[in-house]
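See structure below.
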Amino acid sequence: MTGVQLEIQAIAAVTAAACALPGAFLVLRRLSLLSDAIGHSILLGIVLAFLVVQELTSPFLVVGAALVGLLTVVAVELVRGTGLVREDAAIGLVFPALFSLGVVLVARYTDSVHLDTDAVLLGELAFTPFDRLVAGGWDLGPRALWVMSVILAVNLVALLLFYKELKLTTFDPALALALGLAPGLVHYGLMTLVSVTAVGAFTAVGAILVVALMIVPPATAYLLTDRLGVLLGASVGIGVASAIGGYWLAHALDASIAGSMAATAGALFALAFLFAPGRGLVAAARRRARQRWEFPQTMLAIHLLNHEGLPEAAVENRIDHLDAHLGWEPAFAREVVERAQRRGLVRSDGAALELTDRGRAGARSSLARTA
Amino acid sequence: MDFLGDYTLRIVALGAGTLGIVAGALGAFAVLRRQSLLGDAISHAALPGVVLAFVLTGTKAPLGLLLGAAFAGWAATLAVMAIARMSRIKYDAALGIVLSVFFGIGLLLLTDVQKQPDATQAGLDRFLFGQAAGLLRSDVITMMALGLPVLVALALLWKEFKLLAFDPGFGASLGLPMRALDVVLTGLLVVAIVVGLQTVGVVLMSAMVVAPAAAARQWTDRLGTMVVLSAGFGALAGVVGAVISSRVERMPAGPTIVLCVTVLVLVSLFLAPRRGLLWARVRARRARARLRVQAVLEALLDLDARHGDGHAHSEAVLEVAGAGRGGAGRTLAELERRGWAERRGDDAWLLTPAGRAEAEERYGGRR
């Protein structure tokens, strides 16, 4: 691995980690698409700031972009607040308009050599190591690495300081309001973090794939856990894995790094979607299959319990009687009895069936639950 | 030269107009069904389809690329539905995931295509950002060939789609296959979006779905009117945007069209009769004035009833009586103008017989 490769991976990993933290809250608060909106409209902020300072590396660009990101959120709120359009439509109205304004400004007032719409939308991670941060003649490393590390640190500090507030306003905004936690303030604080992070990240991965890094890893983590702390940690881990994995995928295919990062994140999500323990499609299918056999076993146990120790037990509690009593096909009855035996619910003596202690307890508790 | 310019403009305007009509009509349903942002996801997700179609067919013939786009957009819609239905991931996150991952895969494929020495990707780039100026006659014909069947299908299944938009439960109770209709309507939306991709590009296509419909919604409560208006707004924005962009230097067409449609939205939000913000404001002001008149009339009537000697009351007393909010003076002047109250002395007021009749007719029954 060369130094440049290492640096690209470091930038990608730090960017992914920085995006995953605020992204997790966007997913939980059902605001995922605000990341898309902010990611697009920051172009306008960058262009406006560029037109003022006429310099692409100025920190004012970041400030301008973050401000327009916030403006997007405010504008969406305003449009929605009129009650004339719904929230999804409000988002869909605001960001294309701001983005269009940005593109028109780029086309009319800037030299496209300096500011490229493609670059804003798509980013180019491969070039980031060549933009070095130099202080007093010392090469301190890629500028993007420094920028994203600072943003990651800011996100971490904000998260640690306001963990309680974020958690409560996310899961129970009414209680948060009652406790005086100012959900509105927390909302805009979070949106500020999202804006700043998106601005930092777009140079590396582009505006559209900021969405991939903000939404996909937390969504994947959400399929794996119910605890917020674990979710945040897992989001960062999955994000970093997507970044590193994506880098090597791009390396192997000689293709866009940002694109492969998004594709890798998508692949990890698909894995979780299919195989997540308890919640994945496979687990759900297996649960359904198990439940299909569990119910007849319960019925069998209850049936045996009903007649147990009574004179008719010799007639009723036989495998060949289940057809008459429960309407079960003989093959089905055999399968149920076999499964019940395997689970130690039922003993059989030839065709006669008897409950085990465990089967009796199970049948009683099922009856108690329905009573 | 002029003729050539006009011809190009005609083609571009025709293309943008077609896009506006088709996206506007289908967008009306998308907005009503709270699927505004599905358009965003579909248009982004079309990218890998476009690139794959190019890789597979090796040509940039618009029909093949559009079919590829439609296929990918369709797959994306199904993926969104599957994620939102079969996991705990909510609809918004499902859209974000599908949008960004499909787009990322598209980018991956695109850079792969760019490596091939003979394959200039110029035709593919157009899908990303749109390039109305580069529209050819064959492109426009393709757009129409795809757009017309969409509109015909919309007309044929009008009643069913109306039910789907407003009361799917009732539709199901009538025995209509609502799930299948949902799939068909979303499929039509996919085609509508794909038709516009070349002109305004992936990023801005979503605006052409949402904005005309959101504007049209403000003017009417009837679905038919809304769909026609929405298509009209879309076409208007498309044509005007195309003309502006061809007449003004360095005005890219896609963003110009989107800005035009945004202007339409703003005008509608403010000026549309009944729903518009401006009229709401006027109505609120009128209601306040009416309430003030009522309060002062009631106060005068009340004071009169208590004193019974027909003497005038000062403005200050009226203020205290609760009729004041924001100054009773202006309202009293208004009452005087209508001949319902008259001034006695400096600032004492009395109901006229007409005013008394009016007040008793209006509020007397309440006491």
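Brief remarks on what is shown
- Count of region A:92-107 residues which are under 18 Å from A:ARG30 (Cβ atoms) and within 8 Å of another protein chain (Cβ to nearest Cβ): 1
- Residue that is nearest to the other protein chains (Cβ to nearest Cβ), among those in region B:240-274 that are in contact with a Cys (Cβ under 9 Å, 6 or more places away or on another chain) and open to solvent by 10 Å² or more (accessible area, probe 1.4 Å): B:ILE244
- Region A:250-263, subset free of Cβ contacts under 8 Å to residues at least 40 places away in the same chain, within 8 Å of chain B (Cβ to nearest Cβ) and in a helix (DSSP H, G or I), residue most open to solvent (accessible area, probe 1.4 Å): A:LEU253
- Single unsatisfied condition, B:GLN131 versus (1) farther than 19 Å from B:VAL239 by Cβ; (2) open to solvent by 50 Å² or more (accessible area, probe 1.4 Å); (3) not hydroxyl-bearing (Ser, Thr, Tyr): (1)
- Residue within region A:12-19 that is open to solvent by 40 Å² or more (accessible area, probe 1.4 Å) and assigned to a helix (DSSP H, G or I) present: no
- One residue from B:LEU47, B:LEU38, B:LEU32 being surrounded by fewer than 24 Cβ atoms within 10 Å (Cβ to Cβ), in contact (Cβ under 8 Å) with a residue 60 or more places away in the chain and either more than 25 Å from B:ILE97 (Cβ to Cβ) or among the hydrophobic types (A, V, I, L, M, F, W, C) (or both): B:LEU32
- Matching option when the condition is open to solvent by 30 Å² or more (accessible area, probe 1.4 Å), in a helix (DSSP H, G or I) and at pLDDT 90 or above, among A:LEU166, A:LEU190, A:LEU159, A:LEU175: A:LEU175
- Hits in region A:26-45 (condition: surrounded by fewer than 24 Cβ atoms within 10 Å (Cβ to Cβ) and either of a type in the set (Val, Ile, Thr) or part of a helix (DSSP H, G or I) (or both)): A:LEU28
- Search result, residues across region A:73-91 that are within 14 Å of chain B (Cβ to nearest Cβ) and under 18 Å from A:VAL186 (Cβ atoms): A:VAL76
- Test result for A:THR203, under 19 Å from A:ARG30 (Cβ atoms) and either more than 8 Å from chain B (Cβ to nearest Cβ) or surrounded by fewer than 19 Cβ atoms within 10 Å (Cβ to Cβ) (or both): no
- Of all residue pairs spaced 6 or more apart or on separate chains, those with beta-carbon atoms under 6 Å, a first member in region B:78-95 that is at the interface with chain A (Cβ under 7 Å from one of its Cβ atoms) and more than 17 Å from A:ARG279 (Cα to Cα) and a second member that is open to solvent by 60 Å² or more (accessible area, probe 1.4 Å) and modelled with pLDDT of 90 or more are B:ASP92/A:ARG30.
- Of the residues examined, B:GLY58 is not one that is more than 14 Å from every other protein chain (Cβ to nearest Cβ) and buried (at least 24 other Cβ atoms within 10 Å of the Cβ).
The values are calculated or read from the model by the stated rules, or taken from the named source; none is laboratory data. Since the model is a prediction, treat every value here as computed from it, not as a measurement. Don't worry about glycine lacking a Cβ; one is built from the backbone with ideal geometry, like all the others, and counts go over all protein chains shown. Only protein heavy atoms, including side chains, enter the accessible area calculation; ligands, DNA and RNA are left aside. Shrake-Rupley method; radii C 1.70, N 1.55, O 1.52, S 1.80 Å.
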